[in-house]
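Structure first, commentary second.
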Amino acid sequence: MAPGDAARVKVVLLAAGYGTRLRPLTDDRPKQLLPLAGRPMLDWILDKLRAVEEIDGIHLVTNSRFAASFEDWARPHGVVVHDDGTTSNEDRLGAVGDLRLVIDQAGLGSEELLVQGDDLFGFELPEYVAWWRGKPRPASAAPLYDLGDLELATHYGIATVDEEDRIVHVVEKPSDPASTLAATLTYLLPAPHTQLVRRYLEEGGNPDNAGSFLAWLAEHKPVYGYRFAGRWYDIGNHAQLLDADNWLRSTVGLPERDSYSLD
């Protein structure tokens, strides 16, 4: 980047899953467009992204089954939608496979990326990006949430960090967790690391699990863990969906409810 140039970041929203654990709600609509406190889940994520002044392009990757629904949502927001061509959970490309597809289709191989899943979180993205900018370059970053429970940690990708918050290891669903720090899917990648997505896949890396890519990247390049507290929802089942809905309902003055509905 030339002196005086403003840093720019492209966003890739990963939304090509089929939400099988949330059926029947996801039989005819994608998980990311389920309403939370009266708004699609993605609207809340977009609010967070819009707060980052450096962002100058947002790309969303989905599957053929839900592409039309995402196109309708994306049009007023200026989000570019990519259809990965899959039609079922059995032929999906996986999170990293979809990331590579967007990098290739949109020509993002020399861009800094913010790779976002469908997690909901309470921390502010501008603070996270500024923290990342303060680390030695080039380096990637991932937010880390302290689950505070070793048993719970066996269900997540768990990171070990050194005294400088550099991620040393990431282990998916460890039987004997080394920490309770869950790596969450809001990755920041500098351009040299964006270019490594293809290498990871060509070396046989798991295309379906973003955490596996993060673990591989941390073994080869500097990756730092941004610790945050407060709220974090990795919505994978109906109970988590209800919890997230009630959290957001409380933030906008709506009463909490005992069961989730699309109303």
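Just so it is clear, none of the values below were taken in a lab; they were calculated from the coordinates. This structure is a prediction, so every number in the text was calculated from the model and none was measured. So basically every Cβ, Gly included, is an ideal-geometry build from the backbone, and we count neighbours across all protein chains shown.
Along the charge dipole of the chain, which of LEU150, LEU60, SER259 sits closest to the positive end, that is, farthest toward it, with unit charges on the beta carbon of Lys, Arg, Asp and Glu (+1, +1, -1, -1)?
Result: LEU60, furthest along the dipole toward the positive end.
Could you list the square roots of 5 times each eigenvalue of the Cα gyration tensor of segment 160-263, that is, the equivalent ellipsoid semi-axes, sorted largest first and rounded to whole Å?
For segment 160-263, the semi-axes come out at 33, 16, 14 Å.
Please turn the phi angles of segment 160-167 into ³J(HN,Hα) values with the Karplus equation 6.51 cos²θ - 1.76 cosθ + 1.60 (θ = phi - 60°), one per residue in order, whole Hz, x for glycine and proline.
Along segment 160-167, the couplings run 10, 10, 8, 5, 9, 6, 7, 6 Hz.
Can you give the charge dipole size of segment 1-107 about its Cα centre, rounded to the nearest 20 debye, using +1 on the beta carbon of Lys and Arg and -1 on the beta carbon of Asp and Glu?
320
I'd like to know which of TYR200, GLY122, VAL171 lies farthest towards the positive end of the charge dipole of segment 109-203, counting +1 on Cβ of Lys and Arg and -1 on Cβ of Asp and Glu.
It is TYR200.
By the scheme Lys and Arg +1, Asp and Glu -1, what is the net charge of all other residues having a beta-carbon under 14 Å from that of LEU60?
Its environment carries a net charge of -4.
Could you please report the charge total around VAL168, scoring K, R as +1 and D, E as -1 over all other residues with beta-carbon less than 14 angstrom from its beta-carbon?
With Lys, Arg at +1 and Asp, Glu at -1, the neighbours total -3.
Based on C-alpha coordinates, I'd like the Rg and Dmax of the chain, in Å.
17.8, 55
Among ASP146, ASP208, ASP104, which one shows the highest mean-square fluctuation when the chain is modelled as a Gaussian network with alpha-carbon springs under 10 Å?
Most flexible of the set in this elastic network: ASP104.
Taking the DSSP beta bridges in the chain as the whole, what percent of them are antiparallel, to the nearest 5?
Among the beta bridges of the chain, antiparallel pairing accounts for roughly 50 percent.
What's the exposure ranking of SER212, SER261, SER175, SER140, going from fewest to most Cβ atoms within 10 Å?
In order of increasing Cβ crowding within 10 Å: SER175, SER261, SER212, SER140.
How large is ³J(HN,Hα), in whole Hz, for each residue of segment 115-122 in order, when computed from phi with the Karplus curve 6.51 cos²θ - 1.76 cosθ + 1.60 and θ = phi - 60°, using x for Gly and Pro?
So the Karplus estimates, Gly and Pro as x, are 9, 10, x, 10, 5, 10, 8, x Hz.
So if I average 1/r over every pair of distinct C-alpha atoms in segment 73-185 and take the inverse, what Kirkwood radius in Å does that give?
16.6
Rg and Dmax of segment 1-107 over Cα atoms: what are they, in angstrom?
14.8, 53
Would you pull out the residues with amide H under 5 Å of VAL168's amide H, same chain only if 5 or more places away, H placed 1.01 Å from N?
THR160, VAL161, ASP162
Considering the alpha-carbon set of segment 10-67 alone, what are its Rg and its Dmax in angstrom?
In Å, with Rg to one decimal and Dmax whole: 12.5, 38.
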